[in-house]
Amino acid sequence: MRLIKAMTLAVLCLGAAFPAVAQERSGPLRIEITEGVIEPLPVAVPTFIAENPAAQEFAESITRVIAADLAGTGLFREIPRDAFISQVTSFDSTIQYSDWKAINAQAVVTGAVSAAGDGRITVKFRAFDVFADAPLGDGLQFGGSSASWRRMAHKVADAVYSRITGEGGYFDSRVVFVSESGPKDARLKRLGVMDYDGANVQYLTDSSSIVLAPRFSPTGDRVLYTSYETGSPRVFVLDVGTVQRRALDVPAESMTFAPRFGPDGQTVLFSLSEGGNSDLYSMNVNGGGLQRLTSAPSIETAPDFSPDGSRIVFESDRSGTQQLYVMPAGGGEPSRISFGQGRYGTPVWSPRGDLIAFTKQNNGRFHIGVMRTDGSEERLLTASFLDEGPTWAPNGRVIMFTRGTQGAGGEPALYSVDISGRNLRRVPTEGPASDPAWSPLLK
Amino acid sequence: MKLHSKAILLVLALGLAACTNPGRFGAGGAGGAGGSGIDAAGLGGVNDPSSPAYFQQSIGDRVLFAVDQSSLSADATQVLTQQARWLANNPEFTALIEGHADEQGTREYNLALGARRANSVMEYLVSQGVSPARLKTITYGKERPLAICSDEACYSQNRRAVTVIAASGLS
């Protein structure tokens, strides 16, 4: 993490070397994610050119990560290299569009990597819209330490994804999660952080006490979570770079859990349980400013701010079962937004502000779903024995969550799914994992 | 030997009392055998009515709950009435009440539900005369199941509140 913090990514626009020729097609290459893609778009990613011998080891690896990012969205299909008719031998010469048309490549991504003696590498790329005979935007160049080669690959893939979908990217991001081990009745848990694709895992705590449900700060530099380190559940904040942690300064006799950062990176929302009753509170992460936001005999927990900080969505069983409610950020009269069959929990506001993702329990099954912020247009994206705890990709188009399997050997794993309900995938982790929380896009 | 049979009788008496009249235990409750000379740090023998082991195994250290509920059943109040009696007779002990949930629920909701269940037990014990200063609650949500299958046979054991006796002080 220190490496990443220290790294500076230089972004350089390479300019449009190839003027776009007249287009026959009605519009540019474009995928609409919300419509759900049935047939992935064929894309060719020839191995990036190594511009000097030291760049050799990175060129192949970076190309593989870019192709995996794109194919992993379910929106793209990588054309196998042995199908290529022409090879790309120079970054600066234009591609032979007819050769790529012949193998039905819709887009081609070319690139080059060079390595300097000081351990820095430079990655540059161009993207082409094959059937328009035209480049897809300008070439771009990223520079950084060689240790951050994966991040540079993710940035290339983010740029390609953005140009074709019109959406922000999400590959250059991290996920904080709970790594699990041991038997079901004596499970050990520790916090881990990894790249969105499961690479570069680092552990942030040991497994000497139960840790639950971490959440990133808006800048990704800190993590809030619940820990049993002091004997009973309590909200902690941890600096991702230094791994220093401390308990929040809450009343000592209370139990606190379900912490979330506000968009200001200072306000912390959480549940505080006293006398068996859990209500929502907020306070400053550095102490002070404790404010009670709900006062009901029911359970109020799992809060989340709207991206503009003006409202809070949370779950409450005040109606008799778990349902979702929205209230002003300072507290006040909540309005119920979930009205379907079953129980609703763990609401999470999309970073785009347009949707709320949630966990739903109905007829002994668990679902991850999304609804508009007024509760309308509910859609269930998944179904299983135990799906829970959605978290949004930085672009608000993909959701990661925990899926548990049943029985004595039951174990949790991380999965991701599009908001269209397509492209359900298991996120690779070393062992059982739960409670993912996605970071914002890295800077 | 004499102590042993006495303890068995006591258990029987408690059991009968629990079945017929949960509110009254007569003289059989506690204070009989043992009481002093026990190493306060140990669990003591299960045959010693003033031992935590006796509390755990003969009285019963846990009560069970219905799905998504924290109200106490008639069975639960019988056990808790005996727990309160034991605590009254063994004032050197304190108790930590753990609230648990089964896995059919989201993580944070289950933390809140476990807190509610632990508090139900605490309130009942206090209503039976136990000083709240000797009691503390904690929730484990669904983090510490006792039985690990994924059906009601296990779930019913996991929806529990456990009264854990401590020798002195509350950690």
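The values are calculated or read from the model by the stated rules, or taken from the named source; none is laboratory data. All of these numbers come straight from a predicted model, not from anything done at the bench. With ideal geometry, Cβ positions are generated from the backbone for all residues, glycine too; neighbour counts draw on all protein chains shown. Calculation scope for accessible area: heavy atoms of the full protein, side chains included, ligands and nucleic acids excluded. Shrake-Rupley method; radii C 1.70, N 1.55, O 1.52, S 1.80 Å.
For the stretch A:240-261, the candidate set comprises residues that are exposed (fewer than 14 other Cβ atoms within 10 Å of the Cβ) and charged (D, E, K, R); within that set, the residue that is modelled with the lowest pLDDT is A:253. Taken as a whole, the stretch A:357-377 holds no residue that is in contact with a helix residue (DSSP H, G or I) (Cβ under 8 Å, 6 or more places away or on another chain), open to solvent by 10 Å² or more (accessible area, probe 1.4 Å) and more than 14 Å from chain B (Cβ to nearest Cβ). Close contacts from the stretch A:278-294, counting a first residue that is on the phi > 0 side of the Ramachandran plot and a second that is in a loop (DSSP other than H, G, I, E, B), with Cβ to Cβ under 7 Å and a gap of 6+ residues or different chains, come to A:287/A:249. All of B:101, B:166 fail the test of being closer than 22 Å to residue A:303 by Cα, more than 8 Å from chain A (Cβ to nearest Cβ) and touching a Leu at 6+ places or on another chain (Cβ under 8 Å), apart from B:101. Out of the residues in the stretch B:112-141 that are basic (Lys, Arg) and open to solvent by 30 Å² or more (accessible area, probe 1.4 Å), state the one that is farthest from the other protein chains (Cβ to nearest Cβ). Looking at the filtered set, the residue picked out is B:134. Among residues of the stretch B:121-149 that are over 30 Å from residue A:187 (Cα atoms), those with a Cβ under 7 angstrom from a residue that is in a helix (DSSP H, G or I) and among the small types (Gly, Ala, Ser), sequence gap 6+ or separate chain, pair up as B:125/B:84; B:128/B:84; B:129/B:84; B:129/B:88; B:130/B:84; B:130/B:88. Out of the stretch A:229-239, which residues are at the interface with chain B (Cβ under 10 Å from one of its Cβ atoms), surrounded by fewer than 21 Cβ atoms within 10 Å (Cβ to Cβ) and of a type outside the set (Gly, Ala, Ser)? If the condition is that a residue be at the interface with chain B (Cβ under 10 Å from one of its Cβ atoms), surrounded by fewer than 21 Cβ atoms within 10 Å (Cβ to Cβ) and of a type outside the set (Gly, Ala, Ser), then A:230 is the only one that fits.
Please work out if residue B:144 is in a loop (DSSP other than H, G, I, E, B), open to solvent by 10 Å² or more (accessible area, probe 1.4 Å) and closer than 19 Å to residue A:256 by Cα. For residue B:144, the condition - in a loop (DSSP other than H, G, I, E, B), open to solvent by 10 Å² or more (accessible area, probe 1.4 Å) and closer than 19 Å to residue A:256 by Cα - is met. Scanning the stretch A:248-280 for residues that are of a type in the set (Ser, Thr, Tyr) and in contact with a Phe, Trp or Tyr (Cβ under 6 Å, 6 or more places away or on another chain), we see that the one that is farthest from the other protein chains (Cβ to nearest Cβ) is A:256.
Here are the criteria: (1) in contact with a Ser or Thr (Cβ under 8 Å, 6 or more places away or on another chain); (2) under 20 Å from residue A:75 (Cα atoms); (3) open to solvent by less than 40 Å² (accessible area, probe 1.4 Å). Tell me which single one residue A:425 does not satisfy. For residue A:425, the exception is condition (3). Restricted to the stretch B:96-132, and to residues there that are charged (D, E, K, R) and outside any loop (DSSP other than H, G, I, E, B), the residue that is farthest from residue B:67 (Cα to Cα) is B:123.
Among the residues of the stretch A:386-443, what is the count of those that are of a type in the set (S, T, N, Q) and within 14 Å of another protein chain (Cβ to nearest Cβ)?
Number of matching residues: 5.
Restricting attention to the stretch A:330-349, the residues that are under 25 Å from residue A:291 (Cα atoms) and either open to solvent by less than 30 Å² (accessible area, probe 1.4 Å) or not assigned by TED's automatic domain parsing to the domain that holds residue A:299 (or both) add up to 8. Among the residues of the stretch A:210-228 satisfying the criterion of being away from chain B (no Cβ under 11 Å) and open to solvent by less than 30 Å² (accessible area, probe 1.4 Å), which is nearest to residue A:431 (Cα to Cα)? The qualifying residue nearest to residue A:431 (Cα to Cα) is A:214.
Residues that are open to solvent by 20 Å² or more (accessible area, probe 1.4 Å) and part of a strand (DSSP E or B) were ranked within the stretch B:55-83; the one that is nearest to residue A:299 (Cα to Cα) is B:64. Looking only at the stretch A:157-188, residues that are free of Cβ contacts under 8 Å to residues at least 24 places away in the same chain and either closer than 26 Å to residue A:241 by Cα or open to solvent by less than 10 Å² (accessible area, probe 1.4 Å) (or both) come to 1 in all.
Just for the stretch A:118-131: of the residues that are touching a residue at least 12 places away in the same chain (Cβ under 8 Å) and surrounded by fewer than 20 Cβ atoms within 10 Å (Cβ to Cβ), which one is farthest from residue A:93 (Cα to Cα)? Within the stretch A:118-131, the match that is farthest from residue A:93 (Cα to Cα) is A:119.
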